[in-house]
Amino acid sequence: MKNSSLWLILQRMRAPFLVIILTYTISIIGLLLIKGVDNEGNPYQLTIFDAFYFISYTATTIGFGETPFTFTYPQRMWVSIAIFITVTGWFYSLGSLVALLQDKLFLEEFSRAKFRRNIAYLKERYIIILGYNSITSEIIKKANESGLRSVVIEKEEEKRNHLLLENFTPPCVLFKCGCS
């Protein structure tokens, strides 16, 4: 797949997305099945839009009020259950998202995609330098004087930090190599 970081997001977040969809569906169906009463005391059935609207803002903010009419006690009991179901679904989903954003494979793939984008945006000629040390620092200086951009691939964090502090103009495109 061309964008592997997107693939990882879709793969890892599939279950959390399904949990949110399932909790919303259960909550909405419950509101559709329970009869309510309008302001004149006539029986009222929520429309699918009313139920979806109410669950959408209740699940994320614990509600603003009962719409379109005041709820009956069975509806309120169901909404209480729906709040616990949907909030738990959101906690699970957000926890999964945080875990994904801290995942080493995702971070590495995201870094690789960013590197590819940076290389694609280079319009001038460039050289690729594997590793950074005092010798390659001199090569970068000479390349800059010659009008060449430098792309540096370095696996050691300390050397990458030193390269960033060197403050070359134009700046080097830097890639953290995940290889050992």
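In Å, what Kirkwood hydrodynamic radius results for the chain from the alpha-carbon pair distances?
With all distinct Cα pairs of the chain included, I get 20.9 Å.
In terms of modelled amide H atoms, which long-range or inter-chain residues lie less than 5 Å from the amide H of Glu66?
Answer set, sorted by chain and number: none.
Per residue of segment 109-114, what does 6.51 cos²θ - 1.76 cosθ + 1.60 with θ = phi - 60° give for ³J(HN,Hα)? Whole Hz please, x for Gly and Pro, Karplus curve as stated.
Here the 3J(HN,Hα) series is 5, 5, 5, 5, 5, 5 Hz.
Taking the alpha-carbon distance from Lys155 and a cut-off under 20 Å, which aspartates and glutamates remain once sequence neighbours fewer than 8 residues away in the same chain are dropped?
Asp103, Glu108, Glu109, Glu138, Glu166
Amide H of Val152 versus every other amide H placed in the peptide plane: which residues, excluding those fewer than 5 positions away on the same chain, fall under 5 Å?
Amide H neighbours of Val152, under 5 Å, 5+ apart: Ile129, Val173, Leu174, Phe175.
Divide by every residue of the chain the summed helix terms, -39500 (n - 2.57) for each DSSP H run of at least 4, and state the resulting mean residue ellipticity at 222 nm, rounded to the nearest 500 deg cm²/dmol.
-21000 deg cm²/dmol
What accessible area per residue, rounded to a whole number of Å², is obtained for the chain using a probe radius of 1.4 Å?
Values: 11900 Å² over 180 residues.
I get 66 Å² per residue for the chain.
Report the FRET efficiency, 1/(1 + (r/R0)^6), for Leu32 and Ile139, where r is their Cβ-Cβ distance and R0 is 45 Å, rounded to 0.05. Intermediate results must be reported in sequence, preceding the final value.
Details: r = 69 Å, r/R0 = 1.54.
Between Leu32 and Ile139 the formula returns 0.05.
If you keep only loop residues by DSSP, which GluC sites (Glu not before Pro) in segment 79-165 have at most 10 other Cβ atoms within 10 Å of their Cβ?
Listed in order of number, the matching sites are Glu124.
What is the percent carbon and sulfur in the accessible area of the chain, measuring with a 1.4 Å probe over the protein chains and ignoring ligands?
65 percent
With +1 on the Cβ of every Lys and Arg and -1 on the Cβ of every Asp and Glu, and nothing else charged, how large is the dipole of the chain about its Cα centre, in debye rounded to the nearest 20?
780 debye
Just going by the charge dipole of segment 1-156, with Lys and Arg at +1 and Asp and Glu at -1 on Cβ, which of Leu122, Trp7, Pro68 is farthest out on the positive end?
The residue sitting farthest along the positive end of the dipole is Leu122.
Can you give me the C-alpha center-to-center distance between segment 1-47 and segment 122-180, rounded to a whole angstrom?
When both Cα centres are located, 50 Å separates them.
The values are calculated or read from the model by the stated rules, or taken from the named source; none is laboratory data. This is a predicted model, so every value here is computed, not measured. Don't worry about glycine lacking a Cβ; one is built from the backbone with ideal geometry, like all the others, and counts go over all protein chains shown. Note: accessible area is taken over every heavy atom of the protein model, side chains too, but ligands, DNA and RNA are not part of it. Shrake-Rupley method; radii C 1.70, N 1.55, O 1.52, S 1.80 Å.
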